[in-house]
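J.: Provided herewith is a single structure, encoded as structure tokens, for subsequent inquiry.
Bear in mind that the values in this text are calculations on the coordinates, not laboratory data. Here the structure is a predicted model, which means the values were calculated and not measured. Here Cβ is always computed from backbone atoms with ideal geometry, including for glycine, and neighbour counts include all displayed protein chains.
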Amino acid sequence: MNRNLWLLAAAQGLFLTNNVVFIAINGLVGLALAPKGWMATLPVMGYVVGGALSTGLVARAQQRFGRKASFQLGLLVALGSAALAAWAAFEHSFWLLLLATVVAGYYSANGQLYRFAAAELSAPAYREKAVSLVLAGGLVGAVLGPNLASRTRDLYEVPFTGAYVALVVVALVSMIVISWIDFPAVQKRSTGEDKGRPLSEIMRQPVFIVSTMAAALGYGVMNLLMAATPLAMQVCGYPFEDTALVLEWHVIGMFAPGFFTGHLIKRFGVLPIMGVGVVLNAVCIAIALSGVDLHQFIIALFLLGVGWNFLFTGSTTLSLQAYRPEEKDRAQAAINFFVFATLAATSFASGALVTTQGWQWLNIGSLLPVALTGLALLWLASRRKLAHNGI
């Protein structure tokens, strides 16, 4: 871990602070402002739809201006969108809130590239550990995010307006942190220089298919259950302080393993660790189906976080095998597009299912993407075994 990686880990923590606050309050603010109950998580979906729509723009900005300038642009958007969301809450405008979250998606698309930037700031032999440790910076968000949402809830007459205002300050601090990082210089390409393989060829590789599928479905299952948790706990009569506690343990589960996930991948291989992530997701769903006591929410969401960490860190590491340096911008943009598209679908499904079918059926439905992820990992492992044996 060098100075740049520590600073990037701090930026990751501030990025997750923004994400956790959005997850914790957007559904609740949406429920208070939405014309219909099933529309409550549309602001959560708007955040990830904005991210999906921004992946191409972010990729072009990264290629033209480099990591630092592009990341700073994303933070400028974060600042403006948080201010707009605060104004929407103050004005009781659901559609303005939805617009603010869609715009904020540009920042999310930028922040999702922090993990890839980590690999570029370390020696090749330590890329797995660099990715894992930078993701571990999300622990800042685990502690700061829920507490920020809880403590600023009643700062203004309209609940949670203060949380959006606080995110303006978080964006300013993150801009300072990014300004201190020394990223590799932008490589200007000369006319006729090899730009690598077409994206269609990159995407046809089994390693790309499985790494992208694991990232998208792993993140999708996590989002499906996490976004629904505040609504489910409100239906069960829990105060927001209990919801904040559950989300805090969930995000701790997401990022605390980052201190050792890279070591585990180095020792046991990336596919076995991702397989453990699938198993942990299944155990999470089993616990969630067993009851709705506070400790069951905490344990289930904690295991969901750990399972996400193993899958997401593993899929990021696995994806590095799918593209060359000159192909990274479009390959990473494609991966993030599929992640955001899945998040958009699960964000909408989360609110619709939990408000119409209930917490139990939401968890039962989550078993399908968990099973598909497990099958994809087995397929890639079998292909590699056959290739190793020369078959």
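J.: In whole Hz and in residue order, list the ³J(HN,Hα) couplings for segment 330-342 that follow from phi through the Karplus curve 6.51 cos²θ - 1.76 cosθ + 1.60, θ = phi - 60°; x for Gly and Pro.
T.: In residue order, the calculated couplings are 6, 5, 5, 5, 5, 4, 5, 4, 5, 4, 5, 4, 5 Hz.
J.: Now for a separate question. In which sequence would M226, M233, M274 go, from the one with the fewest C-beta neighbours within 10 Å to the one with the most? Mind showing how you got there, number by number?
T.: Working: M226 25, M233 22, M274 30.
Ordered by Cβ neighbours within 10 Å, fewest first: M233, M226, M274.
J.: Okay, next question. Give me T243, T101 ranked fewest to most by other Cβ atoms within 10 Å of their Cβ, as a rough exposure proxy.
T.: Listing T243, T101 from fewest to most nearby Cβ atoms yields T243, T101.
J.: Separate question: Between Q296 and S382, 0.36 nm times their residue separation minus their Cα-Cα distance comes to what?
T.: Length gained between Q296 and S382: 27.4 nm.
J.: Hey, can you rank 210-222, 140-152 by average C-beta count inside 10 Å, highest first?
T.: Sorting 210-222, 140-152 by mean packing, highest first, produces 210-222, 140-152.
J.: Suppose each label sits 7 Å from its Cα in the direction of the beta carbon; what would the A286-E91 distance come out to in nanometres?
T.: 5.1
J.: Shifting gears a bit: Reachable aspartates and glutamates from K266, Cα under 13 Å, same-chain residues fewer than 8 places away excluded?
T.: E128
J.: Beyond 18 Å, what share of the Cα-Cα pairs of segment 31-163 is found? Please give it as a whole percent.
T.: The calculated P(r) of segment 31-163 puts 63 percent of pairs beyond 18 Å.
J.: Moving on to the next point. With the Cα gyration tensor of segment 78-147 giving a ≥ b ≥ c as the square roots of its eigenvalues, does the rule (a/c under 1.5 for rounded; else a/b larger than b/c for prolate; else oblate) give rounded, prolate or oblate? Intermediate values should be presented prior to the final figure.
T.: Numbers: a/c = 4.83, a/b = 2.40, b/c = 2.01.
Note, shape of segment 78-147 comes out prolate.
J.: Next up: For segment 142-299, compute Rh as the Kirkwood radius over C-alpha pairs and then the Stokes-Einstein diffusion coefficient at 37 °C and 0.692 mPa s; write the answer in µm²/s, rounded to an integer.
T.: So the translational diffusion coefficient is about 167 µm²/s.
J.: Now for a different question. Calculate the tail of P(r) for segment 120-234: the fraction of all Cα-Cα distances greater than 17 Å, expressed in %.
T.: Beyond 17 Å sits 78 percent of the P(r) for segment 120-234.
J.: Please give the Cα centre distance for segment 6-69 versus segment 316-391, rounded to the nearest Å.
T.: Rounded to whole Å, the Cα centres lie 19 Å apart.
J.: Let me see the pair-distance distribution of segment 1-90: every alpha carbon pair, 10 Å bin width, integer percents in order.
T.: 14, 40, 31, 13, 2, 0
J.: If you don't mind, there's one more thing I want to ask. Hey, what did the chain get for relative contact order, percent, Cα under 8 Å, at least 6 apart?
T.: In percent, rounded to a whole number, it is 26.
J.: Also, I was wondering about something else. What does the charge add up to near L199, with Lys and Arg as +1, Asp and Glu as -1, over the other residues with Cβ less than 12 Å from its Cβ?
T.: Result for the local shell: +2.
J.: To continue, here is another question. If each DSSP helix of 4+ residues adds -39,500 (n - 2.57) and the sum is divided by the residues in the chain, what number results at 222 nm, nearest 500 deg cm²/dmol?
T.: Only helices count here, giving -28000 deg cm²/dmol.
J.: Further question: Taking every pair of Cα atoms in segment 202-255, average 1/r, invert it to obtain the Kirkwood radius, and report Rg/Rh to two decimals.
T.: Result: Rg/Rh = 1.21.
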